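Below: the structure, in structure tokens.
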Amino acid sequence: MDFAIKRAEMAERNWADPACRAAVQQWHDASRSFDYQYMFEWMGRPIIQDPQDVCAIQELIWRYQPDAIVETGIARGGSLVLSASILASIGYGEMLRGKTPVQRKVIGVDIDIRPHNREAIEAHALAPMITLIQGSSIDLGTFGEVKQALGGIGKVMVFLDSNHTRDHVYDELLLYAPLVPSGSAIFVMDTGIEFAPEDSFNVTRPWGPGNSPLTAVDDFLATEAGADFSKDLSIEKRHLLTCAPQGLLVRT
């Protein structure tokens, strides 16, 4: 049997198994209380993600082969470096095959880029591929800087990982969705907040069940602006562990 078919069957089996799903949820709830997501790095920069989501991100970038990635929320820059490294690998593969590589780029937006993080990101080997923009991701002036940095690039992918309240993520979706063409995607992180017990977080946040990225996703998909997007669970069903359940939106 074809490996992809067999793997999909195994994924559906695991996804449908209540004991498997319960174990996954139990682990994820426990992992947050131990700050597990803070324990990892990518090419020298801390990346605040579950390892399974790091794997999912590289799979998405390789699948859709965007020319630019826009990320809201920078933290310490590990996710920017992850995106840049996969785009660089795509370009290197093109070069090895005698093609002229596309000048791909990653644009990171954050309301507060702390000086030590900016310095470390700008000193990274992949810094020439990365543009940093400071400002609220839903401010129209900031969004104008993003469009200027894109410079007319057509195939864009978007990762949303900044303020996790429903209203903020909803406004991000309305603003950034038009950048994403058919055959590309938006990955909304931390939709798992919708299912997380409040005591599984070590700090108090303004978001929670009913006021989360997932409520923003569902509200966005119900609008005309979201009509061309649909949830893609194909990676989630295989990986099971994710901070972004139902967060992958593909434009068809």
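Values in this text are rule-based calculations from the coordinates and carry no lab data. This structure is a prediction, so every number in the text was calculated from the model and none was measured. Positions of Cβ are generated from backbone atoms using ideal geometry, with glycine treated the same way; all protein chains shown enter the neighbour counts.
The table for this structure:
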{"item": "Rounded D (µm²/s) - segment 3-251, Kirkwood Rh over Cα pairs, Stokes-Einstein at 10 °C, 1.306 mPa s", "result": "85 µm²/s"}
{"item": "Paramagnetic reach from ARG205 in segment 146-165 [backbone N under 11 Å; point 7 Å along Cα→Cβ]", "result": "161-165"}
{"item": "Ascending count of other beta-carbon atoms within 10 Å, so fewest first, for LEU160, LEU248, LEU140, LEU179", "result": "LEU140, LEU179, LEU248, LEU160"}
{"item": "Along each principal axis, Cα extent of segment 89-178, largest first, Å", "result": "46, 33, 21"}
{"item": "Among GLU71, GLU224, GLU172: highest mean-square fluctuation, GNM of the chain, C-alpha pairs under 10 Å", "result": "GLU224"}
{"item": "Exposure proxy ranking, count of Cβ atoms within 10 Å, fewest first, for VAL188, VAL250", "result": "VAL250, VAL188"}
{"item": "Percent antiparallel among DSSP beta bridges (both partners in segment 34-173, rounded to 5)", "result": "10 percent"}
{"item": "Considering only the chain, percent of DSSP beta bridges that pair antiparallel, nearest 5", "result": "35 percent"}
{"item": "Which of MET157, MET95 has the fewest Cβ neighbours within 10 Å, and the rest in rising order", "result": "MET95, MET157"}
{"item": "Label point distance in nm, ARG21-ALA123, each placed 7 Å from Cα along Cα→Cβ", "result": "4.7 nm"}
{"item": "Length added when fully stretched, GLU59-PHE34, from 0.36 nm per residue minus Cα-Cα", "result": "6.3 nm"}
{"item": "Over the chain: helical MRE at 222 nm, DSSP H runs n ≥ 4 each giving -39500 (n - 2.57), nearest 500", "result": "-13500 deg cm²/dmol"}
{"item": "Sites matching chymotrypsin sites (Phe, Trp or Tyr not before Pro) across segment 166-252 that sit in DSSP coil, with at most 16 neighbouring C-beta atoms within 10 Å", "result": "PHE201"}
